[in-house]
Amino acid sequence: MKQLKLNRRAILAGVALLASGLAAIPAGAAEPIKVGLIVPMSGPFASTGRQVDAAVKLFMQQNGASVAGREVQIILKDDGGVSPDVTKRLAQELVARDKVQVLAGFGLTPLAFAAAPIATQAKVPMIVMNAATSSIPQRSPYIVRTGFTLPQVTAPLAQWAARNKIKSVVTFVSDYGPGIDAEKVFVRDFGKAGGKVVASLRAPLRNPDYAPFLARVKDAKPDAVFVFVPSGEGAAVLKQFTDRGLAAAGIRLIATGDVLDDDLMPSIGKAALGVISSHNYSAAHPSPENKAFVAAFTKANPTMRPNFHAVGAYDGMQLLYAALKKTGGASDGPKLLEAMKGMSWTSVRGPVTLDAATRDMVQNVYIRKAEQVGDGVYNVEFDQVANFKDPGVE
């Protein structure tokens, strides 16, 4: 009987100890934070997905796979980059079946538009790392963007062109949201600065043939052609620009940084030399933070050079981790969203702030020239507009 009492006391003591141990574990600690990452890993824009995936993996390698006591799980989905219906279906599945607390990625604007209603209905924060049409955050109060907008990187280039003896320009863009934004803003700001846009050309997004458009540019004889095409298409534009004799005819090419994508610069090569572009990031950005980032990225991915898509993803993870620390690990959608608004940090691209009102980045925009650096061609920054907000589209 005495032995039975001792055993009972031991059992009760063990239960009490277990209970106290459980009480010390934060609520929800056993539940992972699930992030649904939707990017094109195949198709014509697969380079975007590869950059995003590599950057997310690098961030988690450097910062750990848990934050504020919560494990972070990335659920990667390939939407192919061309069908909004596919992106919407994947977002629905991630929210309803996989119970993700965050959606992220989104390579192109139509795909971000397709997922926006899902984020709103589920009250799930949606971190747009790549798509760049100005109006994207307006499609859902749950969208934040850690990349850039096309008006944001276009306006400084239009103003630079007008100050640097470029009097006439043909604008040439891909015919979808970001391209139309870029065209409107360049026409507006170049015109305000005294320049003349002699023609505006738009190429189809799918299966484009740039040659007929570049022939029209050559016939117009402008001082320069302003170009926007999505990441992955720049090599084709540069090749045809040279083959069609526009450079030989004295026409300058100026572009947004999408055209001179860092990851594709090795394949573009010397055709890019001398091209002036504007963007929020260059792999040649001289800050110590970026030098460390580029070294780590290329060590982990020897065949790749980090580009602006990688930085949008890397900062997307930075924003998520910082917000989770602020909420103490709470992943309730509205709380997480509020924690993200207004955050500032030193990015590898320079100082950034997620504007609380617009949920877009305030950041430096750099004017760059493609130059030979060592054994490669890089976008070398020589001017900047500091702390620049999205100027919008009129």
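Residue count for the stretch 166-206, restricted to those that are within 28 Å of residue 43 (Cα to Cα) and part of a helix (DSSP H, G or I): 7. For the condition over 29 Å from residue 273 (Cα atoms) and open to solvent by 30 Å² or more (accessible area, probe 1.4 Å), residue 323 does not qualify. The single residue among 10, 29 that is modelled with pLDDT under 95, more than 26 Å from residue 261 (Cβ to Cβ), within 41 Å of the chain's Cα centre (by Cα) and not charged (D, E, K, R) turns out to be 29. Taken over the stretch 213-247, the residue count meeting the criterion of being touching a helix residue (DSSP H, G or I) at 6+ places or on another chain (Cβ under 8 Å), open to solvent by 10 Å² or more (accessible area, probe 1.4 Å) and hydrophobic (A, V, I, L, M, F, W, C) is 3. Inside the stretch 177-191, residues that are open to solvent by 50 Å² or more (accessible area, probe 1.4 Å) and over 23 Å from the mean Cα position of the chain (by Cα) make up a count of 1. All conditions in (1) under 18 Å from the mean Cα position of the chain (by Cα); (2) within 24 Å of residue 95 (Cβ to Cβ) hold for residue 306, with the sole exception of (2). Against the conditions (1) in contact (Cβ under 8 Å) with a residue 24 or more places away in the chain; (2) surrounded by fewer than 16 Cβ atoms within 10 Å (Cβ to Cβ), residue 291 satisfies every one except (1).
Considering (1) modelled with pLDDT of 95 or more; (2) in a helix (DSSP H, G or I); (3) under 19 Å from residue 261 (Cβ atoms), the lone condition that residue 158 does not fulfil carries the number (3).
Residue 377 - would you say it is in contact with a Leu (Cβ under 7 Å, 6 or more places away or on another chain), aliphatic (A, V, I, L, M) and at pLDDT 95 or above? Spelling it out, residue 377 is indeed in contact with a Leu (Cβ under 7 Å, 6 or more places away or on another chain), aliphatic (A, V, I, L, M) and at pLDDT 95 or above.
Contact annotation: residue pairs with Cβ atoms under 9 Å, 6 or more positions apart or on different chains, pairing a residue in the stretch 192-212 that is loosely packed, with under 11 Cβ neighbours inside 10 Å with a partner that is among the aliphatic types (A, V, I, L, M) and in a loop (DSSP other than H, G, I, E, B), are 206/82.
Among the residues of the stretch 31-47, the ones that are in contact with a strand residue (DSSP E or B) (Cβ under 9 Å, 6 or more places away or on another chain) and more than 15 Å from residue 86 (Cβ to Cβ) come to 5 in all. A single entry from 93, 71 fulfils the requirement of being of a type in the set (Asp, Glu), over 30 Å from residue 255 (Cβ atoms), in contact with a Pro (Cβ under 9 Å, 6 or more places away or on another chain) and open to solvent by 10 Å² or more (accessible area, probe 1.4 Å): 71.
Scanning the stretch 142-161 for any residue that is among the aromatic types (Phe, Trp, Tyr), under 17 Å from the mean Cα position of the chain (by Cα) and open to solvent by less than 20 Å² (accessible area, probe 1.4 Å) turns up at least one such residue. A search for C-beta distances below 7 Å between a residue of the stretch 105-121 that is touching a residue at least 12 places away in the same chain (Cβ under 8 Å) and assigned to a helix (DSSP H, G or I) and any residue that is open to solvent by 10 Å² or more (accessible area, probe 1.4 Å) and of a type in the set (A, V, I, L, M), counting only pairs 6+ apart in sequence or on different chains, returns 118/95.
Only a single criterion out of (1) of a type in the set (A, V, I, L, M, F, W, C); (2) free of Cβ contacts under 8 Å to residues at least 40 places away in the same chain; (3) out of contact with any helix residue (DSSP H, G or I) (no Cβ under 6 Å at 6 or more places or on another chain) is not satisfied by residue 94, namely (2).
The values are calculated or read from the model by the stated rules, or taken from the named source; none is laboratory data. Please read all numbers here as calculations on a predicted model, not as lab measurements. FYI the Cβ positions are ideal-geometry reconstructions off the backbone, even for glycines, and counts take in every protein chain you see. These area figures cover heavy atoms from the full protein model, side chains too; ligands, DNA and RNA do not enter into them. Shrake-Rupley method; radii C 1.70, N 1.55, O 1.52, S 1.80 Å.
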